[in-house]
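Step one of this worksheet: look at the structure below.
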Amino acid sequence: MRVLGIETSCDETGVAIYDDAPGAGLLAHRLHSQIEMHKDYGGVVPELASRDHIRRLVPLVRGMMADADISADSIDGIAYTSGPGLAGALLTGALMARSLAYAWGVPAVGVHHMEGHLLAPLLEAEPPEFPFVALLVSGGHTQLMKVEGIGRYELLGESIDDAAGEAFDKVAKMLGLDYPGGPSVARLALTGRDDAFKFPRPMLDRPGLDFSFSGLKTAVLTARNQSEDSPTKVADICASFEAAAVDTLIRKCLRALKQTGLKRLVLAGGVSANKRLRHDLALALKPIGGQAFYPAPAFCTDNGAMIAFAGAQRLRAGERQDLTVNVRARWPMTELAAI
Ligand code: ATP
Ligand code: MG
Ligand code: FE
């Protein structure tokens, strides 16, 4: 089954074609990032995001299909992100997908954005087998899940305040660095000392698998305000913050593996691109014989490929979205049906 995937939940317009036939796989993908457009505002402006998705969608789909020499009549279904995310942005993708499905006479299915992220590592050459523990770390979510299969998700813990990516973004903003903060902070952290500031590792002293990043964020603000800014100080804050955030994520992952008795750990979402996280986690998993699985770096942040892949699984299982165009800005992943 050949599926066109469309992602428009936030500030990336992503399109892709995935074919689940043996030997096929991901046939094409395109991404337009709105980062430049939102940069001056220090974050995503929803109205601008929606308008830009509308402008980009048709040329992106057309260009991708032309370059990959894929004709409309070879497409068997369309998947689009139907939530969670910015309502206006979601609607642009949903309308595009529903209209194309109607015109081409193929079924459409709405995909949960976080299920897209979660399943992105399954696009890799050596995908993880079920069951596994998943750490979803993105701009809006920090969740530990026990995953038994597609749609079989048990929430083990989540952030009670900021998401991990959001913490990177806010720290970057405090330090006057570019949006999105993750890559900016990670780049500067390379030149800083990670023991220069003793930042807290929130919630590690308590049992359980929830996270909290707001105390860490406040500690960074206090450190910034304590003395004059200098390039070394900013780099030291970045390194010390990244160390604290990564350390917290890893220790909770180890706890989740221990609690579930599982050895496979899947990481997904924008923060899973973080090099220090990948490096330190590999070291931490070694003594317990654990194994980490990631999406390709390009598929850690938002993209169409993960939506085409997740949609293909659900379409194959017979899921269909009727002609109404529905999106859900909020949508707990545990409400999804098992397939
Ligand atoms: P959600 O998926 O929860 O709706 P989102 O789609 O905005 O949120 P993603 O696109 O998955 O999130 O990821 C973007 C986030 O990842 C941003 O917060 C960004 O700062 C962070 N990020 C990207 N690269 C890195 C990195 N190398 N290190 C740390 N954080 C990163
Ligand atoms: Mg984004
Ligand atoms: Fe995302």
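The values are calculated or read from the model by the stated rules, or taken from the named source; none is laboratory data. Being a predicted model, the structure only gives us computed values, none of them experimental. Virtual Cβ from ideal backbone geometry, glycine too; neighbours counted across all protein chains shown. The area values use the complete protein model at the heavy-atom level, side chains included, leaving out ligands, DNA and RNA. Shrake-Rupley method; radii C 1.70, N 1.55, O 1.52, S 1.80 Å.
What strands (runs of 3 or more DSSP E) lie completely within the stretch 1-62 and have 2 or more residues being of a type in the set (A, V, I, L, M, F, W, C) and open to solvent by 50 Å² or more (accessible area, probe 1.4 Å)?
Fully inside the stretch 1-62 and qualifying: 25-33.
Of all residues in the stretch 17-49, count the ones that are within 16 Å of the chain's Cα centre (by Cα) and among the aliphatic types (A, V, I, L, M).
Adding up the residues that qualify gives 3.
Could you tell me which numbered condition Gly270 fails, if it satisfies all but one of (1) over 27 Å from Met96 (Cα atoms); (2) in contact with a Pro (Cβ under 8 Å, 6 or more places away or on another chain)?
(1)
If we scan the stretch 241-251, do we find a residue that is open to solvent by 10 Å² or more (accessible area, probe 1.4 Å) and under 19 Å from Leu175 (Cβ atoms)?
So far as the stretch 241-251 goes, yes, one or more of its residues are open to solvent by 10 Å² or more (accessible area, probe 1.4 Å) and under 19 Å from Leu175 (Cβ atoms).
State all residues of the stretch 176-191 that are surrounded by fewer than 23 Cβ atoms within 10 Å (Cβ to Cβ) and away from ligand 2 (no atom under 16 Å from the Cβ); if no residue qualifies, say none.
Selection gives Gly176, Leu177, Arg187, Leu188, Leu190, Thr191.
Just checking, how many residues over the stretch 128-141 are in a strand (DSSP E or B) and within 16 Å of ligand 2 (Cβ to nearest atom)?
Keep residues of the stretch 128-141 that are in a strand (DSSP E or B), which gives 132-137.
Retained after the next criterion (residues that are within 16 Å of ligand 2 (Cβ to nearest atom)): 136-137.
Final tally of qualifying residues: 2.
Those residues that are more than 17 Å from the chain's Cα centre (by Cα), among the aliphatic types (A, V, I, L, M) and outside any strand (DSSP E or B), I need them from the stretch 102-127; list them, please.
Matches in the stretch 102-127: Ala103, Val106, Ala125.
Looking at the stretch 113-132, which of the residues that are over 15 Å from Gly304 (Cβ atoms) and within 16 Å of ligand 3 (Cβ to nearest atom) is surrounded by the most Cβ atoms within 10 Å (Cβ to Cβ)?
Out of the qualifying residues, it is Met114.
So Pro131 passes all but one of these: (1) within 23 Å of Ile6 (Cβ to Cβ); (2) more than 13 Å from ligand 1 (Cβ to nearest atom). Which condition number does it fail?
Exception for Pro131: condition (1).
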